[in-house]
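The values are calculated or read from the model by the stated rules, or taken from the named source; none is laboratory data. Bear in mind the structure is a predicted one, so any value in this text is a computation, not a measurement. Every residue, glycine as well, gets a Cβ built from its backbone with ideal geometry; the counts of neighbours run over all protein chains shown.
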Amino acid sequence: MRRIYSGISVVGGICIGKVKEFAPRRLPDAQVDVVRHDPAGMEGYNSTSVLYRNGWDDAQKWTAAVAATSFLTTALRRKAADELGGPAASIFEAQQAIVSDPLLEASVFSKVDDGVPLLQAVNEAICDIVDGLEASDEEAIRARATDVYDVGMRFASTLAGIGMISTPEGHPIGMLLPPGGPPLEEGVLVVHDLLPSELVMLDRRMLLGLVLEAEFARSSIYVIAEALGIPTLVQATGILSGLVDGETIIVDADNGLVIVEPHEDEFRDYVSRILKTGGQTFYQATKAIMEEARRPPESLS
C-alpha cells in the first residue's frame, strides 16, 4: 500500500531503491560478568573480553578501555579521511578529545567509588553528559551529544567484550556489528537514528539514500551525510511504523518527501527524473525499473 511521509532535507536529490532497515546499537547491559560468543565465522579471534582477566582491577580495565577506544577512534578518523574527506575526519578528531577527557574519567570513578560496577558507571556517566548537552538551549551544544554517546558506545562495548576484535596476524583490527547490522545489499537505509561511527562504517556503495526518523540538531550526522552525497532526509516522523524490509521506496530529498510503495505512474515519473538529472547511475535506475516490472500488478495499486 502506498504511503507518503515528509521530512527535512539534509542532502538533496532523488533515489529509488529497496528499503533496508538497520537497528542502531545501544549501550550494552551493565553486567559484571560478560560471556561473549564469537559470531559465525569469527571463531578463534580474540576480543576485548580480555578485559575480564582475573586479577584486573577497575583502574587497569579503564586504562585498557581508553587505549582500545582511542585506537578505534583513530581508525574511524582514518577511514573517514580516506573515503569522505577532512570535515568528516575532523569529527573523530574531536571525539578523540572526549576519549581522554579527565572529567569523564572522574565521573566514572566517582560512581565506582560509590559501589557502582565499572560498566554501569561508564553507561551512567555517558548518559549524564548526554542528557546535560541535550538540555541546552544552544544547538551547537546539543549537537555534541551524539558524539559523546558515540564515544561512550565504544567504551562500553569494549568493557562488555563486544565491539572490537583482534584478528589473526596480518589482518586488521576492526569492529563487530551486531545481528541486524548494516545492509549488505544495495538499497535505501531507513532507521530511527544513527551514530557517526555507524554511518562511517557503512559500505557507501550499498547506500542509495538515507532516511532518519529522529530529529537532529545540526550534528556530525549532517556532516557525514553531506560528504556521502546521497539523498538524505531527517525527521521523517512515523516512517518506521509498518515498514517492511524490501519494499520499494522513493526518497525525494529535493521536496522533503518519502514515498513507500509508489503507484506505477509515480514510480516511472521519478525514474524518468532520475535518468534526466543523473541522480543515480543509469545501471541503478534501470535495475530498479526491471525489479519493479517483475512484481505483480496489484502490488503497485
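Checked against (1) out of contact with any strand residue (DSSP E or B) (no Cβ under 9 Å at 6 or more places or on another chain); (2) at positive phi; (3) at pLDDT 85 or above; (4) not aliphatic (A, V, I, L, M), Gln235 meets all criteria but (1). There is at least one residue in the stretch 104-124 that is aromatic (Phe, Trp, Tyr), in contact with a helix residue (DSSP H, G or I) (Cβ under 8 Å, 6 or more places away or on another chain) and modelled with pLDDT of 90 or more.
Could you grab me the full set of residues in the stretch 55-82 that are within 15 Å of Phe109 (Cα to Cα), assigned to a helix (DSSP H, G or I) and acidic (Asp, Glu)? Of everything in the stretch 55-82, just one residue is within 15 Å of Phe109 (Cα to Cα), assigned to a helix (DSSP H, G or I) and acidic (Asp, Glu), namely Asp58.
Okay, residues lined up against (1) within 24 Å of Glu261 (Cα to Cα); (2) among the polar types (S, T, N, Q):
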{"residue": "Val190", "(1), (2)": "yes, no"}
{"residue": "Asp203", "(1), (2)": "no, no"}
{"residue": "Leu207", "(1), (2)": "yes, no"}
{"residue": "Leu212", "(1), (2)": "yes, no"}
{"residue": "Arg218", "(1), (2)": "no, no"}
{"residue": "Tyr222", "(1), (2)": "no, no"}
{"residue": "Gln235", "(1), (2)": "yes, yes"}
{"residue": "Gly238", "(1), (2)": "yes, no"}
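Among the residues of the stretch 210-227, those identified as surrounded by fewer than 20 Cβ atoms within 10 Å (Cβ to Cβ) and outside any loop (DSSP other than H, G, I, E, B) are Tyr222, Glu226.
Looking only at the stretch 94-105, decide whether some residue is of a type in the set (Ser, Thr, Tyr), more than 21 Å from the chain's Cα centre (by Cα) and under 14 Å from Val66 (Cα atoms). Break it down stepwise before answering.
Step one: list which residues in the stretch 94-105 are of a type in the set (Ser, Thr, Tyr), which gives 100.
In the following step, the residues that additionally are more than 21 Å from the chain's Cα centre (by Cα) were identified as 100.
With the extra rule that they be under 14 Å from Val66 (Cα atoms), the set shrinks to 100.
The answer is yes; a qualifying residue exists.
If you scan the stretch 210-233, which residues turn out to be more than 20 Å from Arg2 (Cα to Cα) and in contact with an Asp or Glu (Cβ under 7 Å, 6 or more places away or on another chain)? Ala214, Ala217, Arg218, Ser220 - these are the residues of the stretch 210-233 that are more than 20 Å from Arg2 (Cα to Cα) and in contact with an Asp or Glu (Cβ under 7 Å, 6 or more places away or on another chain).
In the list Ala88, Ala23, which residue meets the criterion of being under 24 Å from the mean Cα position of the chain (by Cα), at pLDDT below 75 and of a type outside the set (Asp, Glu)? Spell out how you get there, then give the answer.
Working: Ala88 fails: at pLDDT below 75.
That would be Ala23, the only listed residue that is under 24 Å from the mean Cα position of the chain (by Cα), at pLDDT below 75 and of a type outside the set (Asp, Glu).
Test Pro87 against the criterion of being surrounded by fewer than 17 Cβ atoms within 10 Å (Cβ to Cβ) and farther than 30 Å from Ala227 by Cβ, and give yes or no.
Taking the combined requirement at face value, the residue does not satisfy it.
Taking the listed residues Leu72, Leu159, the one that is crowded, with 22+ Cβ neighbours inside 10 Å, modelled with pLDDT under 90, within 30 Å of Leu207 (Cβ to Cβ) and out of contact with any His (no Cβ under 6 Å at 6 or more places or on another chain) is Leu72, with no other qualifying.
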